[in-house]
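Here the structure is laid out as C-alpha cells; the discussion comes afterwards.
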Amino acid sequence: MAKIIAVTACPVGIAHTYMAAENLQKAGEELGVDIKVETQGSIGVENALTDKDIEEADGVIIASDKEVTKERFAGKKLLVVGVQDGIRRPKELIEKVQTEDVAVYTAGMKTVEEVKRKKKEKENPIYRHLMNGVSYMIPFIVVGGLLIAIALTFGGEQTPGGIVIPEGSFWKTIESIGAASFSFMVPILAGFIAVSIADRPGLAPGLIGGFIAANGSFYGSDAGAGFIGGIIAGFLAGYVVLAIKKVKVPQAIQPVMPIIIIPIIATLVVGILFSFVIGAPVAAVFESLTSWLQGMQGTSSIVLALILGGMIAVDMGGPFNKVAFLFGSAMIAEGNYEIMGPIAVAICIPPIGMGLATFINKKKYQQAERETGKASFTMGLFGITEGAIPFAAQDPLRVIPSIVVGSMTGSVIAMLGNVGDRVAHGGPIVALLGAVDNVVMFFIAAAVGVLVTAFMVNFLKKDVVSEEPAMATASASDVRSDEVVEEDTDTTTETNTKPENESIEISKLTDITTMDLIDIDLTGKTQPAVIDELIATLDASHVLESTTEFKKTILAREEEGTTGLGMNIAIPHGKSEVVQKPAVAFGIQRDGVDWKSMDGTPAKLIFMIAVPAERAGDDHLKILQMLSRRLMDEQFREQLLNTTTKEEAYKLLDTIS
C-alpha cells in the first residue's frame, strides 16, 4: 500500500488546518492510501511525523498558508499547495503525488510547485505579512476583551453615565488586566509583521516601533496612530532590517549582527522616523477615521454593515473575511465596539444557516451533508465561519449567494440595533460570555440572518435523489434473519474464545469485541453507574488486572473533557498498565444517561475502549477512528438502538472496520 505523509497549517491555525487534515485523511481512505497528517494549529504540532514516517513515505503533501520547514523531507517527492487545496481537492493532491512527476525535494533546491507558490507569494506579500501579525495579535484582543466584559458583567454598577466598575474593587483589577492585554495589540501586530518580513532580527524593532505607534506622547498626539500606525511600523521595521542584512560586513562581526547591530540600528531608524516624521500625520488620519466611524448614522452605517457582512461571508475565513475581521478588532482597541458587533453577527450566520437548512428540508441534502450540517451548526455557535466551507465547495453557485445575503442582512440589523462586541470573536458564545452590548438585538439579528440563509439556499437547491430506502432495506435484512445469526454461530464462538495472550491485529471492531463484552440492557441511571457496569463486563472477560485502577483512568479522562460525542453516543476510553489486551465493551442504555455531551443528548450507545499502555498510540487512535467514522451514519445508530439480542448487536458491530 502506498504511504503518503502530509502537513496542514494556516495563519490563524483554528479551523482550516484541521479541515484540510480531515479531508486528506478521508481521501486517503477512499483511495486505499496509507496517509498520516501532521497539523500545525494554534495549539501547536499534533500527530507529529516521526523520522520513520518520513523514511517510509512515498511522497509528501504540504497544504499550508504559512511557512513550513521542509528540510526534513529532503529526498522525498514534495507537493506544496495552499491549505484551501487540502480542503477542496484532497483526492487530486494524493493522486498527483502518486502518479505525476512531482519533483524530489533537496535542501536548498525548490520544487516546481514551490517555485510557483513563491512566485505567487511575491505577487502579494503584503497580505501574507499582515496575516502573520494578525494571527499573533488575536489572542491578546480576545483575552483583553473577555476579561473586561466579565468585569463589567459581574462588577459593574449602573450610573447615569453608563456601567462603571468601582475604583479599588476586585473587578477593577480584572478590568485593568484586560486593559493591559489590549495594550499589547499594536506592538504584537507590528512585531510579527516585521518577523514575517525579516525573520527573528525584525522582532525587537517591530515591537518597539509598534509601541511608539500606539503611544502618541512620542510625537505629540493624545490618541496615537492606532492599528494603522502599527501596520506601518511593522512593515517599516521589517524592510529596514532586510536592507541592513544585505550590507556586507567583516566575517568577525557577522555573529553579532542579528542580535546586537541589526536590532539597534533598525530600532533607531524606525523610532526616529516615527517620532519626527510619520507619527503625527498617521495619528491625524487615524483619529479622523475613528471619528468618522463613530459618527456614522443612517445610510452610511448601513452601507458599512453591508460591506462588512458580505466580506465576512464571501470566502469564509479567507482574505476578505480576515481583512474585515482585522478592521473590527482594531476598532475594539479604540473603544468603538459597534463595528465588531455586526461582524460578530455575520461570522456565525453561514455555518448556523447551512446547518439549519439541512434540518428543515432534508430532501435537499444527502445523508453525509446532513451529518456535516450538525457539525456546521455547532461550529457556528462558537463563531467559526469555516463550518460552511464544505457546502460552499460542493455547491458554490447556490450556497455562497445565500450565506452572503444572510450575513449582510444580520449585519445591517445589528448595526441599526447598536449591537456592540468587546471581543475579537463572533457567534452566540460571545453573547453568552457577556461580551456583547444589546444582547437581544444580537440574537434577533443573528436569527434573521440565519433564516434568510437557510430559506434562500433551500429555495435555490433541488431535491436530491435519495438512496436511503434501498440502503435501509439491505441493512435490515442483514440483521433481521434468524438464519443468518444461526449460520454465524461457529464464527462467533471462535471470536469469543480467542487466546488471551495472542497478539491481536485490529482490522475491525469485532477483533476486540465479543458477545460477552456486549450488554444491550444497561441498568445504570447515571454516568458513574454505567461506567461501573462496563468495567465489570471487561473484568469478567479477563481484560483487566485491576478494576479500581482502570476506573481511575476512565474518570481522569472524563475530567479532561467529556467523551460524550453527541447524537446519543459516548466513547469513554482508557490507556493503562492494568489492561491485558485491547478490548471494547459495548452497552445500550435505552433511556439514556447524562454524559455532558456538547449537543445535550443523553448517551444511549456507549463504547468503552480499554488499551494496554504499551499499545496506546496506534490501537487507541485506530479504534476511535473506526468507531467515529461508522457512528456518523444515523441509520446505523438507529439499527443499533433497535437491536433486541446480543447476536443482532454483534452482527452490526462486525461491520465496523
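The values are calculated or read from the model by the stated rules, or taken from the named source; none is laboratory data. None of the values given here were measured: they were computed from a predicted structure. Every residue, glycine as well, gets a Cβ built from its backbone with ideal geometry; the counts of neighbours run over all protein chains shown. Ligands, DNA and RNA are excluded from the accessible area calculation, which covers all protein heavy atoms including side chains. Shrake-Rupley method; radii C 1.70, N 1.55, O 1.52, S 1.80 Å.
How much length would be gained if the chain were fully extended between Ala2 and Asp199, taking 0.36 nm per residue of separation minus their Cα-Cα distance, in nm to one decimal?
Numbers: separation 197, 0.36 × 197 = 70.92 nm, distance 3.70 nm.
Stretched out fully, the Ala2 to Asp199 stretch lengthens by 67.2 nm.
Taking the Cβ of Val419 as the center, what net charge do the other residues with Cβ under 15 Å away carry, scoring Lys and Arg +1 and Asp and Glu -1?
Cβ neighbours under 15 Å give a net charge of -2.
In nanometres, what is the gap between the two model label sites at Leu31 and Ser300, each 7 Å from Cα along Cα-to-Cβ?
With each label point 7 Å from Cα toward Cβ, the separation is 5.4 nm.
Sort the following peptides by mean Cβ neighbour count (other Cβ atoms within 10 Å, averaged over residues), highest first: 149-155, 226-232, 168-174. Let's see the in-between values first.
Values: 149-155: 18.4, 226-232: 25.3, 168-174: 13.9.
Those peptides, ordered most packed to least, come out 226-232, 149-155, 168-174.
Counting only residues 5 or more places away or on other chains, whose amide H sits under 5 Å from the amide H of Thr106 once H atoms are built in the peptide plane?
Counting only residues 5 or more places away or on other chains, the set is Gly75.
5 Å is the cut-off here: which amide hydrogens, built 1.01 Å from N in the peptide plane, fall below it relative to Val7, excluding neighbours closer than 5 in sequence?
HN-HN under 5 Å from Val7: Glu38, Ile61, Ile62, Ala63.
Taking only protein heavy atoms and a 1.4 Å probe, what accessible area per residue, in Å², does region 315-428 have with all protein chains in place? Let's see the in-between values first.
Numbers: 3360 Å² over 114 residues.
Per-residue accessible area for region 315-428 comes out at 29 Å².
Could you give each residue of region 322-331 its phi-based ³J(HN,Hα) in whole Hz, using Karplus coefficients 6.51, -1.76, 1.60 with θ = phi - 60°, and x for Gly or Pro?
Each residue's phi maps through the Karplus curve to give 6, 5, 4, 5, 4, 4, x, 4, 5, 5 Hz.
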